[in-house]
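Have a look at the structure below before the remarks.
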Amino acid sequence: MANFDATAHAQSVWKETLEYLSRLHSAWVRQWFGDLTPIELAGGILTVRCTTAIQQQYLVGKCREIFNESVQSVTGNLVTVNFITGANAGAGLARFGDSYDEVILSPDYVFENFVQGPCNRLAYAASQAVAEKPGRAYNPLFIHGGCGLGKTHLLQAICQDILRRNPDSRILYLSCDTFINHFIDCLQDGEASEFRHRYRHLDVLVIDDIHFLTRRERTQEEFFHTFNTLFQANKQIILSSDAPPNEIPDLEDRLVSRFNSGLVARVDKPCYETRIAIVAKKAKLRGISLPDDVIQYIARRVESNTRELEGAITKIQGYAMLNAGKYDMDVARSALGDIVPPSERIVTIQQIIDAVIRFFNVRLSDLQSKKRHKSIALPRQVCMYIARTRTRYSLEEIGGYFGGRDHTTVMHAIRTITEYRSTDTQFAAQLERIESTLLPMQAQSA
């Protein structure tokens, strides 16, 4: 009877803790919290069992403080939450210890929660193939694209799926910055052999933001040999970057060649239909139900990436808490009224010219000259294209900024860049990079 009462008390406190989280820290709440099981509350410790080791590591690494604050507020006592698990899924993840930042896998980042669309279909299919047959499907797998487009989600989903299939897999998942710092520290401490042993005796090596290897000759040399050792042993290598291999500046040709030897998959900005699916999925993960019109409103207002879509949901959650938990269009408009979609942003032609000059390393006088060499003509056409899509100037006015060219020249430039953008993925990525640097001077009314 005493054990029953203790368990019932733990369950009651846990229920109140989750309710407190939902009221005051809604952005932290996840649907899978419902799978967590309170065991007992004794000695100032509330023990909670997780379903997987991934959940436990995430809760301990990311959520411990917020749970401790919540349970202390609920009980009025100095109580802490202890997350335990009997599962071994995740045991294969290699650890550095306290000296380095560890990449903690998120239970949210699994394949089931990834929204597939035209923008990421190849990367998604390749990631699933690699998870099913590591070292045999696509090796290396190189995923590139802008910030917040789902690269990290796919990398973590691969790791979690491999561990689900084979819990003893030796996986090392880290940022490129951590790899660099670890290498430098091992050199300084005379532990190069220990470094090589750690990195060359793995089943899977996953490195996020590999473009940070740029201009680090000695680290590139070390990574080159690490890559070769793993590759020759049929061990899986997975990399992500904000640019394709041949666009990473100051990256050695031999690394570019090896990165390109596997599958290079690009992720793009999600289209409207994909954004709708992403918002619905992210809301469900947080345990909230958004009306269809609110979901569509978010997808229209936020066009850039998944991370900003999540931020919009968080803002709406906050406003909803101030409105008795109501999720309707009034709350959504209040929360997102200051967000202007990129398609509605207005920039000046001078901003466009400055951005293009920086990217292509050309001079303003060249853009306005009669020169027709491709190294000058292409940047000039890019200026005209962006000016047409991001300003309200007429074709004649745009032509006037570039040496008094007539409207037919501007129309030709727009057609040329439109065709390049639709047929050349590398050029499309470059154009997106230029456009992403443009800041609005003013915005149309919401």
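Structure above, values below:
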item: Kirkwood Rh in Å, taken over all unlike Cα pairs in the range 235-393; result: 19.4
item: Volume per residue that the Cα convex hull of the range 204-308 spans, once the total is divided by residue count, Å³; result: 129
item: Rounded to 5, the percent of DSSP beta bridges in the range 166-307 classed as antiparallel; result: 0
item: Hydrodynamic radius by Kirkwood, which averages 1/r over all alpha carbon pairs of the chain, in angstrom; result: 24.9
item: Probe 1.4 Å, protein heavy atoms only - accessible area per residue of the chain in square angstrom; result: 48
item: Amide H contacts of ARG286 (H built 1.01 Å from N, under 5 Å, at least 5 apart or other chain); result: GLN31
item: Translational D in µm²/s for the range 177-226 (Stokes-Einstein at 37 °C, 0.692 mPa s, Kirkwood Rh from C-alpha pairs); result: 290
item: Among 425-436, 322-333, the order from most to least packed when residues are scored by Cβ within 10 Å on average; result: 425-436, 322-333
item: Using alpha carbons only: equivalent-ellipsoid semi-axes of the range 148-274, gyration tensor based, whole Å; result: 24, 19, 13
item: Protection proxy ranking of 224-237, 362-375 - average other beta-carbon atoms within 10 Å, highest first; result: 224-237, 362-375
item: Cα-based radius of gyration of the range 288-380 once divided by 2.2 N^0.38 Å, which approximates compact folds; result: 1.68
item: Dipole of the range 229-306, positive direction: furthest Cα of ALA280, VAL267, ALA299, with charges on the beta-carbon; result: ALA280
item: In order through the range 62-69: 3J(HN,Hα) via Karplus (6.51 cos²θ - 1.76 cosθ + 1.60), integer Hz, x for Gly, Pro; result: 10, 10, 4, 5, 5, 5, 4, 4
item: The chain: Lys pairs at Cα distance under 23 angstrom, eight or more positions apart or on different chains; result: 27
item: Dipole in debye (nearest 20) - the chain, about Cα centre, beta carbon charges: Lys, Arg +1; Asp, Glu -1; result: 1280
item: Hydrodynamic radius (Kirkwood) for the range 147-212, which is based on Cα pairs only, to one decimal in Å; result: 13.2
item: Ordering of 347-355, 164-172 by packing [mean C-beta count within 10 Å, highest first]; result: 347-355, 164-172
item: For the range 344-393, average projected area of the Cα convex hull in nm²; result: 3.3
item: Volume per residue that the Cα convex hull of the range 103-157 spans, once the total is divided by residue count, Å³; result: 89
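The values are calculated or read from the model by the stated rules, or taken from the named source; none is laboratory data. Small disclaimer: the values here were computed from a predicted structure and weren't measured. Using ideal geometry, Cβ is built from the backbone for each residue, glycine included, and neighbour counts are taken over all protein chains shown. The accessibility values were calculated without ligands, DNA or RNA, using every heavy atom of the protein model including side chains. Shrake-Rupley method; radii C 1.70, N 1.55, O 1.52, S 1.80 Å.
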